[in-house]
Amino acid sequence: LPLQSTEKDNRLFAEKYLHRLYGLPAGLQGRLQKSDTFQTKLKEMQKFFKLKVTGTLDDSTVELMKQARCGVPDIGE
Amino acid sequence: YNHFPRHLKWQNNNITFRILNYTPDLKKADVDRAIRNALNVWADVTPLTFKKLHEGIADIMISFGSREHGDYNPFDGPNGLLAHAYPPGAGIGGDTHFDEDEQWTKDSSAYNLFIVAAHELGHALGMSHSSDAGALMYPVYSYTTGFPLSEDDIEGIQALYGANPNSKKVKPRPVAPSKCDPDLSFDAVTELRGETIVFKDSFYWRLHPQMPEPEQTLIKSTWPFFPKKVDAAYENPEKDRVYMFSGIKMWALNGYDLVDGYPKYIHKLGLPKSVRKVDAAVYIKDTGKTLLFTDEEYWSYDESTGTMDRGYPRSIEEDFPGMDDEVDAVAYHYGQLYFFHEHIQYEYSYASRKVLRIQRTNSILNC
């Protein structure tokens, strides 16, 4: 089934968030590789914010991503 | 807390900053004050000092910009990312950028510039994000009042620079007095260029006729040179001076700046050495006299001659019938004296020499 539009929006939003703040690489990559990296970065983010580390884009993760915040990446340089 | 990789920090403790442009959301003076207060938050707990430059290259270059604003690290329009700052280093290192697409405020109505600046300047000094939700360096915006650093932030910054050798240990996030506590008493009240300033413990409230809610700030954040508690304060608007008293010393302020030659001993006013503290002070515009209240007595100081009037001290109880025999704070508006003692406020007519109304002390804080 195709993704629901909210789900799709959230996924795009999360990708942008992880790209900006967790170093999720942008650009052309294989689907599998991209998904793995997405999950890894999502887990990093969930761990940092002391959320339940699921690797999936659940409601509490999306809610936290949508809060106003500082634009300095949380990890690395 | 976390530092940046390689624990980046400034190599000397005297750091310069420059504000390159201003947001139209706030008055220039309010931006200056928010940035200065935000820097003072970190200066309070470290040996760092901050000097403002008006031109040239400063260590910390502060600016407001929107979307792509010159560092290939664009903002995203309203909400979302509010600001970012670079860790200490040459060039862009230490630079601090605020998203101009946000609505910046002095209060909690939108994004409070002081709170965001305190966080960003933490980065500019070498603090990375903390995963402690109670820390200022936690990356998600939350509005709080009072001293913004938590123990986690203090430990983090002191791990880089050490503690402030000149001040006593700062208590993280002191418990701010609640304005609507029915038993609230005041330490001092004064006017300051059209605003009313109410001092209580290590905090003060600013009341402005156009501000719906009083704004509470740590005294040290605005006046770092001042002791943490104020006993008495008054404004002489003709001289554009506010005088503040703590113990046997007094300070004169011109706006927010300390006047040269201060602090002075209160005995320079002509008070005897036996007086160790002024409880309350008020300038009576109509007479040009300042009344200084000490224990159960008061003194009259002539502002034009700079001398204490003869025949004083006099008894508070006898000269202000209906009043308590001691006062915590006094204010004067349009012929009326407002005495504050413990949780009671007495509205007293100076002309007819009687108490007109009794209210709770915190009624002036909209409680």
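Quick check on the stretch B:332-357: of everything there that is of a type in the set (A, V, I, L, M, F, W, C), in contact with a Phe, Trp or Tyr (Cβ under 9 Å, 6 or more places away or on another chain) and more than 18 Å from B:LYS289 (Cβ to Cβ), which residue is modelled with the highest pLDDT? Don't jump to the end; show me each part of the working.
First, the residues of the stretch B:332-357 that are of a type in the set (A, V, I, L, M, F, W, C): B:337, B:339-340, B:344, B:351, B:355-356.
Subset that is in contact with a Phe, Trp or Tyr (Cβ under 9 Å, 6 or more places away or on another chain): B:337, B:339-340, B:355-356.
Narrowing further to those that are more than 18 Å from B:LYS289 (Cβ to Cβ): B:340, B:355-356.
Working: B:PHE340: 95, B:VAL355: 91, B:LEU356: 92.
By that ranking, first place goes to B:PHE340.
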Selection count where residues are over 21 Å from B:SER246 (Cα atoms) and small (Gly, Ala, Ser), scope the stretch B:280-326: 5
- request: Just give me the residues in the stretch B:131-149 being within 11 Å of another protein chain (Cβ to nearest Cβ), of a type outside the set (S, T, N, Q) and more than 21 Å from B:ASP99 (Cβ to Cβ), in sequence order.
  value: B:ASP132, B:ALA133
- request: Using the structure shown, decide if B:SER128 is in contact (Cβ under 8 Å) with a residue 12 or more places away in the chain, within 9 Å of chain A (Cβ to nearest Cβ) and either farther than 15 Å from B:ILE15 by Cβ or crowded, with 21+ Cβ neighbours inside 10 Å (or both).
  value: yes
- prompt: Looking at (1) modelled with pLDDT under 90; (2) within 26 Å of B:GLU195 (Cβ to Cβ); (3) of a type in the set (Gly, Ala, Ser), which is the one condition that is false for B:ALA329?
  reply: (1)
message: Of all residues being aromatic (Phe, Trp, Tyr) and surrounded by fewer than 16 Cβ atoms within 10 Å (Cβ to Cβ) in the stretch B:225-261, which is farthest from B:GLY288 (Cα to Cα)? Just the residue, please.
response: B:PHE225
- line: A careful count of residues in the stretch A:49-65 that are modelled with pLDDT of 90 or more and under 20 Å from B:ALA135 (Cβ atoms) gives 1
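Quick check on my filter: what residues within the stretch B:78-89 are within 12 Å of chain A (Cβ to nearest Cβ) and either at pLDDT below 95 or assigned to a loop (DSSP other than H, G, I, E, B) (or both)? Explain how you work it out, then say what you get.
Restricting attention to the stretch B:78-89, the residues satisfying the condition of being within 12 Å of chain A (Cβ to nearest Cβ) are B:78-87, B:89.
The answer is B:PRO78, B:ASN79, B:GLY80, B:TYR86, B:PRO87, B:GLY89.
Would you pick out the residues in the stretch B:208-243 that are part of a strand (DSSP E or B) and under 30 Å from B:THR49 (Cα atoms)? Can you show your working first?
Taking the stretch B:208-243 and keeping what is part of a strand (DSSP E or B), we get B:215-218, B:232-236, B:241-243.
The answer is B:GLU215, B:GLN216, B:THR217, B:LEU218, B:ALA232, B:ALA233, B:TYR234, B:GLU235, B:ARG241, B:VAL242, B:TYR243.
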- prompt: If you go through the stretch B:25-40 one residue at a time, do you hit one that is exposed (fewer than 14 other Cβ atoms within 10 Å of the Cβ), more than 21 Å from B:HIS129 (Cα to Cα) and not basic (Lys, Arg)?
  reply: yes
message: If the requirement is being more than 12 Å from every other protein chain (Cβ to nearest Cβ) and not in a loop (DSSP other than H, G, I, E, B), which of these qualifies: B:ILE92, B:ILE35, B:ILE57?
response: B:ILE35
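The values are calculated or read from the model by the stated rules, or taken from the named source; none is laboratory data. What you see is a predicted model; the values in this text were computed from it and never measured. When we count neighbours, we look across all protein chains shown, and the Cβ atoms used for this are built from the backbone with ideal geometry, even at glycine.
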